[in-house]
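The values are calculated or read from the model by the stated rules, or taken from the named source; none is laboratory data. Everything numeric in this text was worked out from a predicted model, so none of it was measured. Cβ placement follows ideal geometry from the backbone for every residue including glycine, while neighbour counts extend to all protein chains displayed.
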Amino acid sequence: MRYGFDIGGTKIEMAAYDDRLNQVFCQRVSTPTGDYQQFLSCVKTLVAQADLTLHTRGSIGIGLPGVTDPVSRKQLSVNVPCITGHCLAEDLANTLDRPVAIENDCRCFALSEASTEQTQRHDIVFGVILGTGAGGGLVLHKHLHKGKNGLAGEWGHIPISAQLVQRYDLPLFSCSCGLTGCFERYVSGRGFMALAQHFRHPATSVPELLACYRQGDPLAQRLVGMYIDILASALASLQLMLDVDAFVLGGGVSNMPELYRLLPLAMRAWLFPNSEPAAILSPVFGDSSGVRGAALLEQKAH
Ligand SMILES: [Zn+2]
(Lines give C-alpha, C1' and ligand atoms only; values in the text may rest on other atoms or scores of the structure.)
Protein backbone atom coordinates (compact mmCIF):
# COMPACT_ATOMS: atom_id res chain seq x y z
CA MET A 1 0.00 0.00 0.00
CA ARG A 2 1.24 3.48 -0.87
CA TYR A 3 0.28 6.66 0.99
CA GLY A 4 0.49 10.00 -0.76
CA PHE A 5 0.28 13.44 0.83
CA ASP A 6 -0.42 16.68 -0.97
CA ILE A 7 0.48 19.42 1.47
CA GLY A 8 -0.73 22.92 0.66
CA GLY A 9 -0.87 26.19 2.56
CA THR A 10 -4.48 25.59 3.67
CA LYS A 11 -5.14 21.84 3.53
CA ILE A 12 -3.40 18.48 3.68
CA GLU A 13 -4.86 15.79 1.44
CA MET A 14 -3.84 12.22 2.14
CA ALA A 15 -4.78 9.18 0.08
CA ALA A 16 -3.86 5.50 0.07
CA TYR A 17 -3.45 3.47 -3.12
CA ASP A 18 -3.32 -0.26 -3.65
CA ASP A 19 -0.82 -2.01 -5.97
CA ARG A 20 -2.98 -1.22 -9.00
CA LEU A 21 -3.08 2.45 -8.04
CA ASN A 22 -6.73 2.41 -7.06
CA GLN A 23 -7.45 4.98 -4.37
CA VAL A 24 -8.75 3.04 -1.37
CA PHE A 25 -8.67 5.66 1.37
CA CYS A 26 -8.70 9.44 1.50
CA GLN A 27 -8.75 12.13 4.17
CA ARG A 28 -8.38 15.88 4.25
CA VAL A 29 -7.48 18.23 7.13
CA SER A 30 -6.40 21.86 7.59
CA THR A 31 -2.63 22.43 7.46
CA PRO A 32 -1.04 23.49 10.75
CA THR A 33 1.23 26.15 9.26
CA GLY A 34 2.55 27.88 12.39
CA ASP A 35 4.02 25.16 14.62
CA TYR A 36 6.42 22.48 13.38
CA GLN A 37 5.72 19.93 16.13
CA GLN A 38 1.99 20.32 15.53
CA PHE A 39 2.60 19.80 11.81
CA LEU A 40 4.56 16.58 12.45
CA SER A 41 1.94 15.20 14.81
CA CYS A 42 -0.83 16.02 12.33
CA VAL A 43 0.91 13.87 9.66
CA LYS A 44 1.54 11.17 12.27
CA THR A 45 -2.17 11.05 13.16
CA LEU A 46 -3.19 10.76 9.50
CA VAL A 47 -0.76 7.90 8.94
CA ALA A 48 -1.88 6.12 12.13
CA GLN A 49 -5.54 6.40 11.05
CA ALA A 50 -4.74 4.96 7.60
CA ASP A 51 -2.63 2.12 9.06
CA LEU A 52 -5.43 1.25 11.47
CA THR A 53 -8.22 1.40 8.89
CA LEU A 54 -6.33 -0.52 6.20
CA HIS A 55 -4.51 -2.95 8.54
CA THR A 56 -1.18 -2.19 6.89
CA ARG A 57 1.90 0.04 7.02
CA GLY A 58 1.91 2.10 3.84
CA SER A 59 4.94 3.71 2.24
CA ILE A 60 5.01 7.50 2.52
CA GLY A 61 5.43 10.03 -0.29
CA ILE A 62 4.91 13.73 0.24
CA GLY A 63 4.35 16.46 -2.31
CA LEU A 64 4.53 20.09 -1.33
CA PRO A 65 5.33 23.44 -2.91
CA GLY A 66 8.84 24.70 -2.28
CA VAL A 67 12.30 23.23 -2.47
CA THR A 68 14.61 20.97 -0.48
CA ASP A 69 18.22 22.18 -0.27
CA PRO A 70 20.21 19.39 -1.95
CA VAL A 71 23.15 19.77 0.46
CA SER A 72 21.62 20.52 3.88
CA ARG A 73 18.34 18.61 3.10
CA LYS A 74 16.49 21.52 4.76
CA GLN A 75 13.11 22.57 3.46
CA LEU A 76 12.12 25.98 2.12
CA SER A 77 8.38 26.60 1.90
CA VAL A 78 6.49 29.86 1.59
CA ASN A 79 3.05 28.22 1.97
CA VAL A 80 3.86 26.23 5.12
CA PRO A 81 6.27 28.55 6.98
CA CYS A 82 6.77 26.24 10.01
CA ILE A 83 8.64 23.62 7.96
CA THR A 84 11.19 26.07 6.54
CA GLY A 85 14.67 25.33 7.86
CA HIS A 86 13.79 21.80 9.02
CA CYS A 87 14.96 18.47 7.58
CA LEU A 88 11.37 17.39 7.05
CA ALA A 89 12.06 14.02 5.38
CA GLU A 90 14.37 12.90 8.20
CA ASP A 91 12.10 14.21 10.96
CA LEU A 92 9.03 12.53 9.45
CA ALA A 93 10.94 9.29 8.87
CA ASN A 94 11.84 9.27 12.58
CA THR A 95 8.31 10.19 13.66
CA LEU A 96 6.67 7.58 11.40
CA ASP A 97 9.39 4.94 11.70
CA ARG A 98 9.60 4.31 7.96
CA PRO A 99 11.30 5.97 4.94
CA VAL A 100 9.70 9.15 3.64
CA ALA A 101 10.09 10.60 0.14
CA ILE A 102 9.49 14.32 -0.37
CA GLU A 103 9.18 16.09 -3.68
CA ASN A 104 8.01 19.35 -5.14
CA ASP A 105 4.30 19.24 -6.09
CA CYS A 106 5.04 19.92 -9.80
CA ARG A 107 7.27 16.84 -9.92
CA CYS A 108 4.50 14.78 -8.28
CA PHE A 109 2.08 16.00 -10.94
CA ALA A 110 4.48 14.89 -13.69
CA LEU A 111 5.05 11.48 -12.12
CA SER A 112 1.34 10.83 -11.76
CA GLU A 113 0.46 11.97 -15.28
CA ALA A 114 3.27 9.82 -16.71
CA SER A 115 1.55 6.80 -15.16
CA THR A 116 -1.86 6.87 -16.81
CA GLU A 117 -3.48 5.03 -19.68
CA GLN A 118 -2.86 7.87 -22.14
CA THR A 119 0.89 7.96 -21.38
CA GLN A 120 1.51 4.27 -20.74
CA ARG A 121 3.40 3.77 -24.01
CA HIS A 122 5.40 7.00 -23.70
CA ASP A 123 9.01 6.78 -22.48
CA ILE A 124 9.68 10.50 -22.05
CA VAL A 125 6.90 12.52 -20.46
CA PHE A 126 7.24 16.15 -19.43
CA GLY A 127 4.68 17.60 -17.01
CA VAL A 128 4.17 21.32 -17.63
CA ILE A 129 2.41 23.32 -14.93
CA LEU A 130 0.94 26.64 -15.99
CA GLY A 131 -0.40 27.98 -12.72
CA THR A 132 0.66 30.88 -10.54
CA GLY A 133 4.18 29.92 -11.63
CA ALA A 134 5.51 27.73 -14.42
CA GLY A 135 6.92 24.47 -13.08
CA GLY A 136 7.26 20.95 -14.28
CA GLY A 137 8.86 17.58 -14.05
CA LEU A 138 10.65 15.17 -16.34
CA VAL A 139 9.73 11.49 -16.19
CA LEU A 140 12.01 9.05 -18.02
CA HIS A 141 10.72 5.48 -18.39
CA LYS A 142 8.27 6.05 -15.47
CA HIS A 143 11.06 7.33 -13.19
CA LEU A 144 11.15 10.91 -12.06
CA HIS A 145 14.46 12.39 -13.18
CA LYS A 146 15.60 14.89 -10.57
CA GLY A 147 19.28 15.56 -11.28
CA LYS A 148 22.06 16.11 -8.76
CA ASN A 149 20.69 19.47 -7.66
CA GLY A 150 17.03 18.65 -8.15
CA LEU A 151 16.83 21.14 -11.01
CA ALA A 152 15.54 18.85 -13.76
CA GLY A 153 12.17 20.08 -14.96
CA GLU A 154 12.68 23.75 -14.09
CA TRP A 155 11.95 24.87 -17.64
CA GLY A 156 10.14 27.96 -16.35
CA HIS A 157 13.46 29.62 -15.52
CA ILE A 158 15.05 29.26 -18.94
CA PRO A 159 15.18 32.71 -20.59
CA ILE A 160 13.00 33.55 -23.60
CA SER A 161 14.82 33.93 -26.90
CA ALA A 162 15.94 37.15 -28.61
CA GLN A 163 13.63 36.24 -31.51
CA LEU A 164 10.59 36.46 -29.25
CA VAL A 165 11.76 39.73 -27.71
CA GLN A 166 12.18 41.27 -31.17
CA ARG A 167 9.05 39.77 -32.70
CA TYR A 168 6.70 41.14 -30.06
CA ASP A 169 8.82 43.95 -28.63
CA LEU A 170 8.66 42.21 -25.26
CA PRO A 171 9.92 43.76 -22.04
CA LEU A 172 12.50 41.72 -20.07
CA PHE A 173 10.64 41.00 -16.85
CA SER A 174 12.76 40.15 -13.82
CA CYS A 175 11.89 36.91 -12.01
CA SER A 176 11.65 36.07 -8.30
CA CYS A 177 14.35 33.40 -8.89
CA GLY A 178 16.91 36.18 -9.43
CA LEU A 179 17.19 35.76 -13.20
CA THR A 180 15.73 37.94 -15.94
CA GLY A 181 13.41 37.10 -18.84
CA CYS A 182 12.40 33.66 -17.50
CA PHE A 183 9.59 31.89 -19.40
CA GLU A 184 7.60 31.79 -16.16
CA ARG A 185 7.20 35.57 -16.26
CA TYR A 186 5.36 35.30 -19.62
CA VAL A 187 3.56 31.94 -19.70
CA SER A 188 2.36 31.27 -16.14
CA GLY A 189 -1.12 32.56 -15.29
CA ARG A 190 0.52 35.58 -13.70
CA GLY A 191 2.85 35.98 -16.67
CA PHE A 192 -0.10 35.96 -19.08
CA MET A 193 -1.65 38.80 -17.09
CA ALA A 194 1.67 40.69 -16.97
CA LEU A 195 1.72 40.54 -20.78
CA ALA A 196 -1.88 41.76 -20.94
CA GLN A 197 -1.06 44.63 -18.61
CA HIS A 198 2.08 45.57 -20.54
CA PHE A 199 0.12 45.78 -23.78
CA ARG A 200 -2.65 47.67 -21.98
CA HIS A 201 -5.50 45.18 -22.10
CA PRO A 202 -8.07 45.96 -19.39
CA ALA A 203 -8.78 42.28 -18.43
CA THR A 204 -7.96 41.52 -14.80
CA SER A 205 -7.90 37.70 -15.00
CA VAL A 206 -7.01 34.99 -17.51
CA PRO A 207 -10.66 33.83 -17.89
CA GLU A 208 -11.69 37.45 -18.54
CA LEU A 209 -8.97 37.84 -21.17
CA LEU A 210 -9.99 34.54 -22.81
CA ALA A 211 -13.64 35.65 -22.89
CA CYS A 212 -12.53 38.78 -24.81
CA TYR A 213 -10.45 36.58 -27.14
CA ARG A 214 -13.43 34.35 -27.91
CA GLN A 215 -15.57 37.42 -28.64
CA GLY A 216 -13.04 38.53 -31.27
CA ASP A 217 -11.42 41.40 -29.34
CA PRO A 218 -8.37 42.24 -31.55
CA LEU A 219 -5.91 42.99 -28.71
CA ALA A 220 -6.95 39.82 -26.83
CA GLN A 221 -6.46 37.84 -30.05
CA ARG A 222 -2.97 39.29 -30.42
CA LEU A 223 -2.15 38.51 -26.79
CA VAL A 224 -3.33 34.91 -27.01
CA GLY A 225 -1.34 34.45 -30.24
CA MET A 226 1.73 35.87 -28.53
CA TYR A 227 1.19 33.68 -25.45
CA ILE A 228 0.85 30.53 -27.56
CA ASP A 229 3.97 31.38 -29.56
CA ILE A 230 6.07 32.01 -26.43
CA LEU A 231 4.87 28.76 -24.81
CA ALA A 232 5.37 26.85 -28.09
CA SER A 233 8.97 28.05 -28.28
CA ALA A 234 9.61 26.75 -24.74
CA LEU A 235 8.07 23.34 -25.46
CA ALA A 236 9.84 23.05 -28.82
CA SER A 237 13.19 23.75 -27.09
CA LEU A 238 12.44 20.98 -24.58
CA GLN A 239 11.54 18.67 -27.45
CA LEU A 240 14.80 19.46 -29.26
CA MET A 241 16.75 18.77 -26.08
CA LEU A 242 14.93 15.64 -24.86
CA ASP A 243 12.87 14.36 -27.80
CA VAL A 244 9.85 14.29 -25.51
CA ASP A 245 7.02 11.86 -26.37
CA ALA A 246 4.31 13.85 -24.62
CA PHE A 247 3.78 17.03 -22.67
CA VAL A 248 0.97 16.86 -20.11
CA LEU A 249 -0.29 20.30 -19.14
CA GLY A 250 -1.53 21.20 -15.67
CA GLY A 251 -2.41 24.25 -13.58
CA GLY A 252 -5.13 26.85 -14.14
CA VAL A 253 -4.14 27.89 -17.68
CA SER A 254 -4.24 24.24 -18.83
CA ASN A 255 -8.05 24.48 -18.69
CA MET A 256 -7.91 26.62 -21.85
CA PRO A 257 -9.15 24.20 -24.57
CA GLU A 258 -7.55 26.23 -27.41
CA LEU A 259 -4.07 25.29 -26.12
CA TYR A 260 -4.37 21.69 -27.29
CA ARG A 261 -5.17 22.72 -30.87
CA LEU A 262 -2.97 25.80 -31.25
CA LEU A 263 0.22 24.74 -29.45
CA PRO A 264 1.19 21.89 -31.83
CA LEU A 265 0.65 24.23 -34.82
CA ALA A 266 2.80 26.94 -33.24
CA MET A 267 5.50 24.46 -32.19
CA ARG A 268 6.12 23.47 -35.81
CA ALA A 269 7.67 26.88 -36.49
CA TRP A 270 10.25 26.24 -33.73
CA LEU A 271 11.18 22.71 -34.86
CA PHE A 272 12.95 21.23 -37.88
CA PRO A 273 10.69 21.28 -40.97
CA ASN A 274 9.96 17.54 -40.98
CA SER A 275 9.69 16.89 -37.26
CA GLU A 276 6.33 16.29 -35.61
CA PRO A 277 5.55 18.20 -32.43
CA ALA A 278 5.24 16.00 -29.34
CA ALA A 279 1.72 15.19 -28.15
CA ILE A 280 0.17 17.92 -26.02
CA LEU A 281 -2.14 16.21 -23.53
CA SER A 282 -4.62 17.44 -20.97
CA PRO A 283 -4.17 15.90 -17.52
CA VAL A 284 -6.11 12.77 -16.54
CA PHE A 285 -5.96 13.30 -12.79
CA GLY A 286 -5.39 17.08 -12.75
CA ASP A 287 -5.55 18.43 -9.21
CA SER A 288 -5.57 14.89 -7.74
CA SER A 289 -2.24 14.20 -9.42
CA GLY A 290 -0.40 15.91 -6.55
CA VAL A 291 -1.43 13.30 -4.01
CA ARG A 292 -1.33 10.42 -6.53
CA GLY A 293 2.18 11.36 -7.72
CA ALA A 294 3.39 11.69 -4.13
CA ALA A 295 2.26 8.11 -3.50
CA LEU A 296 4.30 7.02 -6.54
CA LEU A 297 7.57 8.56 -5.28
CA GLU A 298 10.38 6.11 -4.68
CA GLN A 299 11.33 5.86 -1.01
CA LYS A 300 14.97 5.81 -0.04
CA ALA A 301 16.29 5.31 3.46
CA HIS A 302 17.93 8.52 4.77
ZN1 LIG B 1 13.12 32.67 -12.97
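Some points to look at:
- Criterion (surrounded by 14 or more Cβ atoms within 10 Å (Cβ to Cβ), of a type in the set (A, V, I, L, M, F, W, C), assigned to a helix (DSSP H, G or I) and away from the ligand (no atom under 12 Å from the Cβ)) met by exactly one of Leu138, Leu170, Leu195, Leu144: Leu195
- Cβ-Cβ contacts under 9 Å between residues 6 or more apart (or on different chains), taken from a first residue in region 256-275 that is closer than 22 Å to Ala211 by Cβ to a second residue that is part of a loop (DSSP other than H, G, I, E, B), are listed as Pro257/Ser282; Leu259/Ser282; Tyr260/Ser282; Leu263/Pro277; Ala266/Pro277.
- Residue selected from region 268-302 under the condition under 24 Å from Val224 (Cα atoms) and touching a strand residue (DSSP E or B) at 6+ places or on another chain (Cβ under 8 Å), by the criterion surrounded by the most Cβ atoms within 10 Å (Cβ to Cβ): Ala278
- Unique match (being modelled with pLDDT under 95 and closer than 25 Å to His143 by Cβ) among Asp69, Asp35: Asp69
- Where strands (runs of 3 or more DSSP E) fall entirely within region 1-91, those with at least 1 residues that are of a type in the set (Asp, Glu) and surrounded by 19 or more Cβ atoms within 10 Å (Cβ to Cβ) are at 2-7, 11-17.
- The listed residue being in contact (Cβ under 8 Å) with a residue 60 or more places away in the chain and not basic (Lys, Arg), out of Ala294, Ala220: Ala294
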